[in-house]
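The values are calculated or read from the model by the stated rules, or taken from the named source; none is laboratory data. These figures come from a predicted structure and were not determined experimentally. Neighbour counts are summed over all protein chains in view; Cβ atoms, including those assigned to glycine, are modelled from backbone coordinates with ideal geometry. For the accessible areas, the whole protein counts, side chains as well, though only heavy atoms, and no ligand, DNA or RNA atoms are used. Shrake-Rupley method; radii C 1.70, N 1.55, O 1.52, S 1.80 Å.
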Amino acid sequence: MIGNALGLAPLALLILQASSVLSRIAFEKLTDVDFAGTAYYTVRNLSLYECQGWCREENDCQAAAFSFVLNPLTPVQETRCLLQNDTQANNPMATPQRAVNTYYMVKLQVRTESVCLRPWAFERVPGKALRGLDNTIIYTSTKEACLAACLNEKRFPCRSAEYEYGSMRCALSDSDRRTAQHFVQLVDTPGTDYFENLCLKASQACKGSRVFSVPRVGVAEDKVAQYAGLHYYTDKELQVTSEAACRLACEIESEFLCRSFLYLGAPHSSAYNCRLYHLDHHTLPDGPSAYLNAERPLIDDGEPIGKYFENYCEKPPANPSGELPVSIDHQHDESNAPSNLTRNDANCDKTGTCYDVSVHCKDTRIAVQVRTNKPFNGRIYALGRSETCNIDVVNSDLFRLDLTMAGQDCNTQSVTGVYSNTVVLQHHSVVMTKADKIYKVKCTYDMSSKNITFGMVPIRDPEMISITAAPEAPPPRIRILDSRQREVETVRIGDRLTFRIEIPDDTPYGIFARSCVAMAKDSKSTFMIIDDEGCPVDPSIFPAFTPDGNALQSIYEAFRFTESYGVIFQCNVKYCLGPCEPAMCEWGRETLESWGRKKRSLPSNETGESRNQEENMNISQEILVLDFGDDRQSTDFLRSDKPGGTASETNFGERTVTIVEPCPSKMSVLLLGVACALLVLLYIATIFCYYMRKWLSPPKHMS
């Protein structure tokens, strides 16, 4: 017995250690496929990373389908993000549907601390497998356990995994679809899914050297570049000075595994000319044949769109030798900034010090963070403000300089929402030498839906290296409150309500609402409440919006349409960098601003460029408005957010929320009336008995 107990002790310890590893959220991504599921939220014109971030934060979200459709007249990619609280992607027997220009992201709970902070950890290909290239075979009870084993593998870089659902067989391999061997290919394997590890560092993407070249896939180069420019979603854009700089940006990219890039030609004004992608022809379900199906947009000058390059894995040498490149591990975190540099990089100086510079755009400052491959001694400062905006660095390989966006301390320049500065990394405390580095940093507060995080333009000394970053605009939401500032579910005609459009407080953006329409649930009747200029159409029904911090609100009395209880409000919301300017509205004999104040003259510097920095988003919300005599319980069938319903898709693709004010029911009023009637009868009976007793009693005579 004692021996058995001692034998179970290590097992109990292992179980305790395993249970201490909490599950972490990760995503698997599928390209150009879709799964059936229950959609509960749809929103348009979000970036890919905003869509995935919403699903990560939403507890109910199990999967997100992100699609982008090319408008041939522009050409501009119009996006749609659809969140699902139930998906068939977790059913091994489910068959995916083909969907062009769609990324399907499934949320996973993986019990490992090795999950990277990239948007997705694995690329999944259903019903496929690599044959004959397995390094390790284990058996796990779930797919998630198999993926965790791949992330935890230390003996070799786990580049791919295969999971067979029936036998629970998990195969780990150091090969993937890009391994430089002629027999490497995916084969149809029903009941098995192929997973490609996207948490690998760029240096681990290939067994041998990782080079970029024009893909030799039997399709003309210009046709491949045209397809990539129109049908790839741009993960990152930046401005570079040459094709080599664009290639280097893809090589050192660490926020995602960069597989290809498109160089659009020499820089022109401030336009971005380098696009980075996580896709290549191996990722596309149709492979190189997808490039043959692309048509040029209707408005096209016929010129080549640019040069497209993909990464290619060369065969590793039989006896690798030579000096290894200087590299620094990357973690997507401010305390572990990205790095993957070599001594020949423009970011390395003659002393052998390599600099990995990243920019973080904050609300009131630009944070420039530097990591070096060996301890640095010197100072970092803003060019021209070395005395008022500097940091002394003593034997450190990680340091940061905060550049203020206002005032003259750091001399940050601002033009139409773009804040720029020049930063110097100097070894000597007084003298600048050729070994020092100069970086041009820039934060673009761009309200477009494109994800522009940061880009790097390496140039030979003594020229500058440019780094660009941009924060994403936060999504707005509608809240409708009662007189006690509570969100409610149902209202009655005439109830006093507060209609609020909100964005987070900790953001540099402002919002402005216009083109607001109230519609009957069946869309047969519409009524514009705020016009295209942002002015109220009839303030007696729906007054103008007034600012409340970063939010807009209007206090109105509930109304509904004759033929419909449901009222849908839809508004067009624009973003501004800082507070938006109000609209000038004419109502009767009075001229008002859209925020309800008397008209005032605007300073000349407040009109113009700031209005051009905007982007629109349509949001909507439904409320249920009852008549005075309606019973709340009898109107449940009117709600559109019942399980299994399709309200979120039919009602303009937005979340549907109803508002409720608790009221006494008919039954409670009836019971109260019966109780009152019984009390009246009891009172009458008491009086009657009293007088009857007095009348029947004989009178007493005096003796």
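What is the one condition in (1) of a type outside the set (Gly, Ala, Ser); (2) assigned to a strand (DSSP E or B); (3) at pLDDT 70 or above that ILE467 does not satisfy?
Among (1) of a type outside the set (Gly, Ala, Ser); (2) assigned to a strand (DSSP E or B); (3) at pLDDT 70 or above, the lone unmet condition for ILE467 is (3).
Would you check if VAL115 is open to solvent by 10 Å² or more (accessible area, probe 1.4 Å), among the aliphatic types (A, V, I, L, M) and outside any loop (DSSP other than H, G, I, E, B)?
Answer is no for this residue.
Could you figure out which of (1) farther than 17 Å from TYR312 by Cβ; (2) touching a residue at least 40 places away in the same chain (Cβ under 8 Å); (3) in contact with an Asp or Glu (Cβ under 7 Å, 6 or more places away or on another chain) isn't true of GLU237?
The failed condition is (3).
Just wondering, is there one or more residues in region 202-213 that are assigned to a strand (DSSP E or B) and surrounded by fewer than 16 Cβ atoms within 10 Å (Cβ to Cβ)?
Yes; the residues of region 202-213 include at least one that is assigned to a strand (DSSP E or B) and surrounded by fewer than 16 Cβ atoms within 10 Å (Cβ to Cβ).
Taking the conditions exactly as written (surrounded by fewer than 18 Cβ atoms within 10 Å (Cβ to Cβ), modelled with pLDDT of 85 or more and under 30 Å from THR562 (Cα atoms)), does ASP495 satisfy them or not?
Spelling it out, it is not the case that ASP495 is surrounded by fewer than 18 Cβ atoms within 10 Å (Cβ to Cβ), modelled with pLDDT of 85 or more and under 30 Å from THR562 (Cα atoms).
Mind counting the residues in region 258-279 that are surrounded by 21 or more Cβ atoms within 10 Å (Cβ to Cβ) and closer than 17 Å to LEU30 by Cβ?
Number of matching residues: 3.
Restricting to strands (runs of 3 or more DSSP E) lying wholly in region 366-444: which have 1 or more residues that are open to solvent by 70 Å² or more (accessible area, probe 1.4 Å), under 25 Å from GLY510 (Cα atoms) and without any contact (Cβ under 8 Å) to a residue 24 or more places away in the chain?
Counting at least 1 such residues, we get 413-415.
Could you figure out which of (1) open to solvent by 50 Å² or more (accessible area, probe 1.4 Å); (2) touching a Pro at 6+ places or on another chain (Cβ under 8 Å) isn't true of LYS128?
(2)
Identify, by number, the condition in (1) within 25 Å of the chain's Cα centre (by Cα); (2) farther than 25 Å from TRP120 by Cβ that GLY265 doesn't meet.
The failed condition is (1).
Kindly establish whether GLU78 is modelled with pLDDT under 90, acidic (Asp, Glu) and assigned to a strand (DSSP E or B).
Yes.
So in region 218-232, with the set limited to residues that are in contact with a Leu (Cβ under 8 Å, 6 or more places away or on another chain) and part of a loop (DSSP other than H, G, I, E, B), which one is surrounded by the most Cβ atoms within 10 Å (Cβ to Cβ)?
TYR232
Kindly provide the set of residues from region 241-282 that are assigned to a loop (DSSP other than H, G, I, E, B) and under 24 Å from ALA205 (Cα atoms), ordered by number.
GLU253, SER254, GLU255, PHE256, LEU257, CYS258, ARG259, HIS278, LEU279, ASP280, HIS281, HIS282
Report yes if some residue within region 247-255 is polar (S, T, N, Q), at pLDDT below 90, surrounded by fewer than 19 Cβ atoms within 10 Å (Cβ to Cβ) and out of contact with any Cys (no Cβ under 6 Å at 6 or more places or on another chain); otherwise report no.
No, region 247-255 has no match at all.
Consider SER47 carefully, then state whether it is closer than 28 Å to GLY127 by Cβ and either in contact with a strand residue (DSSP E or B) (Cβ under 8 Å, 6 or more places away or on another chain) or modelled with pLDDT of 90 or more (or both).
no
For region 528-569, how many residues are aliphatic (A, V, I, L, M), over 30 Å from the mean Cα position of the chain (by Cα) and in a strand (DSSP E or B)?
Residues in region 528-569 being aliphatic (A, V, I, L, M), over 30 Å from the mean Cα position of the chain (by Cα) and in a strand (DSSP E or B): 3 in total.
How many residues are assigned to a loop (DSSP other than H, G, I, E, B) and either open to solvent by 30 Å² or more (accessible area, probe 1.4 Å) or not β-branched (Val, Ile, Thr) (or both) when one looks only at region 498-519?
Looking only at that region, the number is 4.
When the residues of region 117-132 are filtered to those that are modelled with pLDDT under 90 and out of contact with any Leu (no Cβ under 7 Å at 6 or more places or on another chain), which remaining residue is nearest to PHE35 (Cα to Cα)?
So the residue we want is PRO119.
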